[in-house]
Amino acid sequence: MKLNKCLLALPLSLALLVPTAALADSHGHATPASETAMESSTATPAAELRIALDTTLTEHAFLAVEAMRKGVDGAEDFEQASGALLANADDLSAAVGSVYGEEGAAQFDEIWKSHIGYFVDYVTATAEDNQEGKEQALAALEEYKVEQSTFFDTATGGLLPAAAVQEGLDMHVDQLISAFDAYVAGDYETAYSLERESIHHMSMFAESLSIAITTQFPEKFDNTNPDTPAADLRAQLNMTFTEHAGLAAMAMQDGADGAESFEQASAALIANADDLSAAVESVYGEEAGAQFEKIWKSHIGYFVDYVVATGEGDAAAQEQAKADLDGYIVEQAALLDAATEGRVPADALEEGLTAHVDQLLMAFDSYVAGDYETAYSSIREAYAHMTMPAAGLSAAIVDQFPEEFGATEMPSEMPATGMGGTADTGTIPYLWILAGLMLAGLTTTLALRFRKQ
C-alpha cells in the first residue's frame, strides 16, 4: 500500500477531535499578541494540534485495554466497549484526512483498524485457550507494525522515520498485550501499571507527531511550536486529567460489579493523583495544603456515599450524597479561584465541576442500569471534557508564573525515539498544582472507603 504523496493543504480541523477548550480569560487576561508571547501561550495553533492528538491517542490506549478485558470476561458491555474504541478510531482517521486528504484517511483507517482486529483475535484465542490462534494474532500484529510505520514515514516525508516509529509500535503493542495477559493471570497490579504506561506512551507519540506535522506545514500553524514549556504543561495536565476520568469511570464499574480487580483499579486512580496532592502544600504552604485536604476528603466521602447508596438501593442516601457534592463544588471552586487570584473564576469552576460530577454519575448509573450505550457515551464525554479544565488551568498557571514559561524555537530535529519523544520539558514546578485542586481527587480513595463500608 502506497500513500498518496500529493498532500492537501492542512486545515486546523484536527481540533475536531476534542471540544474547543476555552482559556480562562474572563478575568481580563488577554491572549498576548507578540510572537514571543504566542510561544509562551498554551493556546497556539501548534499546541491545539498536540492536545487534539494527545486526547485521541491516549483514549485509544485506555479504551483498547478496557475492551480487551471486557472481551475475555465475556462481559455484557463488550459490544459497547468495542464500539467506543472504534468510534475513537473514526475520530483519528478523520483527523488524518484533514491533513492528508481522503485517500490518506482511508489508508490510515484500514491499517489502524486492522490492529484493533488483531487484538480482538488475540483476546478470542485467549478465551478459547487457543495457543496457535494467539501466535497467529501476534504475527499479524508484527505485519501491522511494518505497514503502520511505513505510513507515518511516508506521510511525514521522513520526519517520523519508519524504524523509529516501529520501535514505538513495538512498545505500544507489548504494553497492551502484557497488560491483558497480566489481567487474565490475575496479576491486576501489573495490569493497571501497564495500562497507565500505555496511556503515557501514547501521549509522547502525540508530541512527536505534532512536531512532525508542524514542521511539515509550518505556515498552517502560524510557525508556532508544539514543544514549548507552556505546551508541555498543558499536554501533561491534559494527559493526567483525561486519564483520571477514564480510570475513575472504570473503577466505579469494578465497584458496582464487586470485581476482583477493584482494589488495583482504585490504586491506579491513587497513583494518578499522588503528584497532584503533594504539590499543593509544596507551593501554597501547610495551611493551604490542609484546607485542600479537608475539602478533597469531604467530597470523596460524598462520592463514595453515592456509590454505596446505589449498591444498597437507598434512593434517599443517593440524593443526600448529591446534595453534599453540590456543597463541595461551591467550596472547591472558591478555593481554586483564590489560588489563581481570580484567573479561573469560581462561577466557571462550579459549572465545570458540576459537569464532571454529572458525567461520571451518569456513566455509573447507566452502567448499573444496563444501559451500556449511554454509559460509554458518558465515559467518552467525561474523557473529552477534561481537556477543558486542562486548557483553562494551564493558561492560568502560565499567566500567574510567566517566568517559568519562556518561548522556545522549533526543534531542529525530531525526537530520536519516534513514538516516544525526548524533548526536554524544562523545570515546571507548578505542573501538578492547580490540576489536583480541581478534579483529580474525585475518586482516588474511593476503593478504600467503599471496601470498608
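The values are calculated or read from the model by the stated rules, or taken from the named source; none is laboratory data. Only a predicted model underlies this, so the values are computations on that prediction, with no experimental measurement involved. Please note: Cβ atoms are built from the backbone with ideal geometry, for glycine as well, and neighbour counts cover all protein chains shown. The accessibility values were calculated without ligands, DNA or RNA, using every heavy atom of the protein model including side chains. Shrake-Rupley method; radii C 1.70, N 1.55, O 1.52, S 1.80 Å.
With each pseudo-label sitting 7 Å past Cα toward Cβ, what's the Glu76-Ser298 distance in nm, one decimal? Reported label-point gap for Glu76 and Ser298 is 3.8 nm. Dipole of the range 154-238 computed with +1 at Lys/Arg Cβ and -1 at Asp/Glu Cβ about the Cα centre; of Gly168, Ala182, Ala231, farthest Cα towards the positive end is Ala231. Taken over the range 38-84, the percentage of Cα pairs per 10 Å bin, counting from 0 up to the bin with the maximum distance, is 26, 31, 20, 16, 7, 0.
Between Ser114 and Ala334, the contour length at 0.36 nm per residue exceeds the Cα-Cα span by 74.4 nm.
Fully extending the segment from Ala139 to Glu381, taken as 0.36 nm per residue of separation minus the present Cα-Cα distance, adds 83.6 nm. In this label model, Glu351 and Asp326 are separated by 1.9 nm, measuring between points 7 Å along each Cα→Cβ vector. Set the Förster distance to 51 Å, then compute FRET efficiency between Glu287 and Glu312 from the Cβ-Cβ distance, nearest 0.05. That pair, Glu287 with Glu312, gives E of 0.85. Evaluated at q = 0.08, 0.09, 0.18, 0.21 Å⁻¹, the base-10 log of the normalised Debye intensity for the range 50-209, with identical point scatterers placed on the Cα atoms, takes the values -0.22, -0.28, -1.15, -1.54.
Nearest 0.05, what FRET efficiency do Ala94 and Asn223 give at R0 = 25 Å with Cβ-Cβ as r? Could you put the intermediate results ahead of the total?
Numbers: r = 25 Å, r/R0 = 1.01.
Working from the Cβ atoms, E equals 0.50.
Once the range 88-162 is represented by equal point scatterers at the alpha-carbon sites, with solvent omitted, what log10 I(q)/I(0) does the Debye formula produce at q = 0.13, 0.16, 0.19 Å⁻¹? With one equal scatterer per Cα and no solvent, log10 I(q)/I(0) is -0.45, -0.63, -0.79. Measuring with a 1.4 angstrom probe and ignoring ligands and nucleic acids, Ser266 comes out at about 0 Å² accessible. Counting protein heavy atoms only, the range 108-225 has 47 percent of its accessible area on carbon and sulfur, 1.4 angstrom probe.
Hey, what's the range 54-127 come to in accessible area per residue, 1.4 Å probe, Å²? Provide the component values of the computation, followed by the final result.
Details: 2280 Å² over 74 residues.
With all protein chains present, the range 54-127 gives 31 Å² per residue.
A Förster distance of 41 Å, applied to the separation of the beta-carbon atoms of Val368 and Glu103, puts the FRET efficiency at 0.40. At q = 0.20, 0.23, 0.25 Å⁻¹ the log10 of I(q)/I(0) for the range 117-201 amounts to -0.93, -1.08, -1.15, computed by Debye summation with a single uniform scatterer per C-alpha, solvent ignored.
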